[in-house]
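What follows is a short report on a single structure.
The values are calculated or read from the model by the stated rules, or taken from the named source; none is laboratory data. Only a predicted model underlies this, so the values are computations on that prediction, with no experimental measurement involved. Here the Cβ positions follow ideal geometry from the backbone for every residue, glycine too, while neighbour counts run over all protein chains shown.
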Amino acid sequence: MLLQLAFTKGEFMAIISCPACGQKVSDKAPECPKCGAAIAGLDKEKLAAMERDRRLNLNQSLVTQSMLAMVLFLAGFFFYWQLPPHGWQYYAAILAIGVGFIWYLVNRVRILMLKRKSKHGL
C-alpha cells in the first residue's frame with residue numbers, strides 16, 4: 001500500500017493509495033481529494049481492511065460483467081442458429097457473439113491482473 005516517500009517542508013510523508021477509490025494521496029491528508037473518504041486517524045489495519053473491501057467489490061463487479069458477457073455470447077449463438085441467414089437479426093446475432101466473446105475475455109484478463117496485483121501486494 002505504501003507507494004513512495006516524498007520530502008516536504010523538512011519532513012517525510014508517505015504517498016498511499018486511498019482505500020476507497022485507489023487515488024494516490026498523502027498519508028497526512030485528512031481526506032481523499034477525489035472521493036472525500038476520511039484518511040486521517042485510520043490505523044494500518046483499518047486501511048488494509050478498506051483496501052481489501054475495495055478489491056473484493058471490484059472483483060465481484062468483474063465477475064458479474066463476465067457473466068453478462070457470457071449471456072450475451074450464448075444469446076447470440078441461440079439466435080444465430082434459429083434465424084435464417086441474411087437478415088438484420090442474423091447479423092445482430094453475429095455481432096452479439098463477437099462482442100460477448102471479447103467482453104468476456106477482457107474481463108477475465110482484468111480479473112487475473114487484479115489477482116496477480118493483490119498476490120504481489122501492490
**Complete:** The condition of being of a type in the set (Gly, Ala, Ser), in a loop (DSSP other than H, G, I, E, B), touching a strand residue (DSSP E or B) at 6+ places or on another chain (Cβ under 8 Å) and without any contact (Cβ under 8 Å) to a residue 60 or more places away in the chain holds, among 40, 29, only for 40
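Out of all the residues in the range 16-36, is one or more touching a Pro at 6+ places or on another chain (Cβ under 6 Å) and surrounded by 14 or more Cβ atoms within 10 Å (Cβ to Cβ)? Write out each step before concluding.
Restricting attention to the range 16-36, the residues satisfying the condition of being touching a Pro at 6+ places or on another chain (Cβ under 6 Å) are none.
No: zero hits.
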**Residues of the range 43-69 that turn out to be without any contact (Cβ under 8 Å) to a residue 40 or more places away in the chain and in contact with a helix residue (DSSP H, G or I) (Cβ under 6 Å, 6 or more places away or on another chain), as a count** = 1
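Can you tell me which residue among 92, 49, 69, 75 is at pLDDT below 90 and among the hydrophobic types (A, V, I, L, M, F, W, C)? Walk me through it before giving the result.
Numbers: 92 fails: at pLDDT below 90; 69 fails: at pLDDT below 90; 75 fails: at pLDDT below 90.
Going through 92, 49, 69, 75 in turn, the sole match is 49.
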**Extreme residue, nearest to residue 110 (Cα to Cα), among residues of the range 54-78 that are out of contact with any Phe, Trp or Tyr (no Cβ under 8 Å at 6 or more places or on another chain) and among the aromatic types (Phe, Trp, Tyr)** = 77
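On the basis of being of a type outside the set (Asp, Glu) and modelled with pLDDT of 85 or more, does residue 62 make the cut? Steps first, please.
Working: of a type outside the set (Asp, Glu): yes; modelled with pLDDT of 85 or more: yes.
Answer is yes for this residue.
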**Item:** Which numbered condition residue 114 fails, given (1) out of contact with any Lys or Arg (no Cβ under 8 Å at 6 or more places or on another chain); (2) part of a helix (DSSP H, G or I); (3) of a type outside the set (Phe, Trp, Tyr)
**Value:** (1)
**Message:** Yes or no: the range 84-93 includes at least one residue that is farther than 21 Å from residue 119 by Cα, of a type outside the set (Phe, Trp, Tyr) and either within 22 Å of the chain's Cα centre (by Cα) or not assigned by TED's automatic domain parsing to the domain that holds residue 117 (or both).
**Reply:** no
